[in-house]
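The values are calculated or read from the model by the stated rules, or taken from the named source; none is laboratory data. If you're wondering where the values come from, they're calculated on a predicted model, not measured in any experiment. Counting neighbours? That spans all protein chains shown, and the Cβs are built from the backbone with ideal geometry, glycine included. Just the protein is used for accessible areas: all its heavy atoms, side chains included, with ligands, DNA and RNA removed. Shrake-Rupley method; radii C 1.70, N 1.55, O 1.52, S 1.80 Å.
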Amino acid sequence: STWGPLSFSARMAASSFTAMAGSAAMASWSLDDIASVADLPSNEDGWGPSVTPSQFTDIQFAPFGKSDRLGRVSDIGNVLAGSRFNKPRRWQQTEQINSAFFVDQDDQDGDFETIESRPVKSKFRGGARFRSKWNESNVSWRARQRMYRGKQRLQQRVGGKQRQQPRRKKLAQNNKGGKANTNTFGWRGGRQSQRDPSVAVSPEWEVVEDLHISALGKMMYSEPELPVGKTIHSCGTLREFSARMVGVSPRAEQPLLQSEATFYHVTTSEDPVIQQLAMSGKATVFFSDSVLTALMCVPRSFDSFDIVVNKVGDVLFFDKRDGAMLDLLTVDETATDPPTNEFGRNHINAPGPLAREAAHVNQMFSQHVLARDRKPIVFGENPFVSDPSETPASVAYHYRLFELAGDVRMVVRCEIEAYGPPKKSSSPSLLTVKALNEYDPHNMDWRSKIESQRGAVIATELKNNNCKIARWTAQSLVAGTEQIVLGFVTRLTPAQNQRHAIVGVQLDSPEELAARINLVQQNLWGIVERVIDLMDAQPDGKYLLFRDPADPVVHVYALPPNAFEDGDDGGNDDDGGAPAEKHTMESVLESL
């Protein structure tokens, strides 16, 4: 207690002297003697040294307490203090010890400015090989199996690209000047397709109006109730649909039989029945079902077609040209990758030969599914037979009358291919018979998937042939048939288009099929109403409705009176459609 004025150093020195001299000698020493011997300055005002020795002038002072834990003497490597790589252990103190010796790295980084921001490339080049070897030697058995399957898929993709190289070279050679083909609406399926116009437009033709397809797709019938057809005349012969065709499958496929029957493609104004109806004043607008449904489904179309309109007074005849596209059937018209002329226009998979093949298959299928041993229904003599030696195909023609808004009376010639057992009444049910044909089994092999994945096959056809199936559905609705018979016909060999086989048959009601493809009848009749009103407002003459293949527009042209009468109309002559005794078009127009 008497050492109060002495510093801690003096007390330590006194303890040292006490240990050396013993307790007896310590009694003879005074505090002044100890201070003089240790040469220690005394602090009269408090504890600790009163002055800093010269050898410790530039050394930083760190306070120290008896309760503090000792840290490092010099922590020059603590640049990662506070990061996840230098977290304190659970037995260590969380607060920094001797914080006066720590360097604030954030303060130093704040004064640093980056001059170049490009990433520095690593000099190590063996990382991929090293990781591959490590993965193959250290992963589990299941992981090695997944890696092996992934390598197999990669090799298959590479092999497929190598197999396509010759085909791409051939396409590059066929592509003149290295220019890509232009498509109607841009890229489709990684390549572009060129769609040909159905007729060569003459610069002398006057444009009356342009009907945009987007606007036609929004047209609705002006009245809440749709027109209801009434059959006013029937002719032709109708046979029964064979029930055994429903059981056709790839395991029990049937070769498509070739029929020698004659099919007639007579335009509206050359139909003798329509000519009689026009002269008697039964109606003022006349259609055939192929022309009417092409007009109804124009918002779904991509390929070009044309309709000739003859106007005489208040009477309108909607005709087709001989050998026009309306006599054929499109194939994969709405597909992502439609057929093109990349291998030539005469190639079996070009759009033209495919359309002729589809029309031929459809005709042969309509005769194949009939029961020849059952008695046919004869509605009347076929009006289109010109030679008694001809055998007309089993087709019935119903002329149906529709009353549209604005006191417009319209007659449509509808074709019916077969009849079935009675459904809703005692009379036989009428059937529309159509066939879908497959030409490329690599897209969707019907033989392997028509039974196990019939829904996928039908969904693919509804997507790729949406416009064609919509036209068939509209034909059934206009004709008043109760069911649609859809046949699935494929080639026996993909390289030949003459021999085919039936691998499936399906029956659907037209209402259900229309709902499946979102075919709205109000829109169908709204388009017809819009076109009839437009043509009624024009003066007498000849007009052309031309679906442009390059733009989504239907052009309405005013034609000269002798247009398409010189035989140079861009189509093939149809020698099987002229009846023996009928009024000429000129006589009908004169009588009207």
Residue list for the range 249-266, filter: assigned to a loop (DSSP other than H, G, I, E, B) and open to solvent by 10 Å² or more (accessible area, probe 1.4 Å)
249, 253, 256, 257, 258, 259, 260, 261, 263, 264, 265
Residue hits (the range 525-537; in a helix (DSSP H, G or I) and open to solvent by 10 Å² or more (accessible area, probe 1.4 Å)) are 525, 529, 530, 533, 534, 536
Mind telling me which of the residues 402, 384, 488 ends up being open to solvent by less than 20 Å² (accessible area, probe 1.4 Å) and assigned to a loop (DSSP other than H, G, I, E, B)?
384
Consider residue 195 carefully, then state whether it is under 26 Å from the mean Cα position of the chain (by Cα), surrounded by 14 or more Cβ atoms within 10 Å (Cβ to Cβ), charged (D, E, K, R) and modelled with pLDDT under 55.
no
Name the residue, out of 347, 360, that is open to solvent by 50 Å² or more (accessible area, probe 1.4 Å), out of contact with any strand residue (DSSP E or B) (no Cβ under 6 Å at 6 or more places or on another chain) and assigned to a loop (DSSP other than H, G, I, E, B).
347
Exactly one condition in (1) touching a strand residue (DSSP E or B) at 6+ places or on another chain (Cβ under 7 Å); (2) in contact (Cβ under 8 Å) with a residue 60 or more places away in the chain; (3) assigned to a helix (DSSP H, G or I) is false for residue 467; which is it?
(1)
Select from the range 211-248 the residues that are open to solvent by 50 Å² or more (accessible area, probe 1.4 Å) and closer than 30 Å to residue 449 by Cα and write down the one among them that is modelled with the lowest pLDDT.
247
Which pairs do you get when a residue that is basic (Lys, Arg), found in the range 286-298, comes within reach of a residue that is at pLDDT below 95, reach meaning Cβ atoms under 8 angstrom, with the pair 6+ apart or on two chains?
none
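Yes/no per residue for (1) assigned to a helix (DSSP H, G or I); (2) surrounded by fewer than 22 Cβ atoms within 10 Å (Cβ to Cβ); (3) within 25 Å of the chain's Cα centre (by Cα); (4) basic (Lys, Arg):
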position: 292; (1), (2), (3), (4): yes, no, no, no
position: 318; (1), (2), (3), (4): no, no, no, no
position: 333; (1), (2), (3), (4): no, yes, yes, no
position: 336; (1), (2), (3), (4): no, yes, yes, no
Have a look at 409, 413, 447, 400 and point out the one that is within 30 Å of residue 250 (Cβ to Cβ) and of a type in the set (Lys, Arg).
447
Failed item in (1) at pLDDT 95 or above; (2) open to solvent by 30 Å² or more (accessible area, probe 1.4 Å), with residue 510 passing the rest:
(2)
Which one is nearest to the chain's Cα centre (by Cα) among residues in the range 442-455 that are more than 14 Å from residue 506 (Cβ to Cβ) and surrounded by fewer than 14 Cβ atoms within 10 Å (Cβ to Cβ)?
443
Some residue of the range 422-441 being open to solvent by less than 30 Å² (accessible area, probe 1.4 Å) and in a helix (DSSP H, G or I)
no
Subset of the range 280-319 [in contact with a Phe, Trp or Tyr (Cβ under 8 Å, 6 or more places away or on another chain), β-branched (Val, Ile, Thr) and over 30 Å from residue 352 (Cβ atoms)]
285, 315
The residue from 513, 507 that alone is touching a residue at least 24 places away in the same chain (Cβ under 8 Å) and assigned to a strand (DSSP E or B) is 507
Find all pairs meeting these conditions: Cβ atoms under 8 angstrom apart; at least six residues apart or on different chains; first residue within the range 367-396 and touching a residue at least 12 places away in the same chain (Cβ under 8 Å); second residue open to solvent by 90 Å² or more (accessible area, probe 1.4 Å).
367/257; 368/257; 391/260
Given the structure, is residue 204 open to solvent by 40 Å² or more (accessible area, probe 1.4 Å), over 25 Å from residue 526 (Cα atoms), in a loop (DSSP other than H, G, I, E, B) and touching a helix residue (DSSP H, G or I) at 6+ places or on another chain (Cβ under 7 Å)?
no
Against the definition (of a type in the set (Gly, Ala, Ser) and at pLDDT below 95), how does residue 200 come out, yes or no?
yes
Selection within the range 480-492 - within 15 Å of residue 508 (Cβ to Cβ) and not acidic (Asp, Glu):
481, 483, 484, 485, 486, 487, 488
In the range 299-311, is there at least one residue being within 12 Å of residue 412 (Cα to Cα) and of a type outside the set (D, E, K, R)?
no
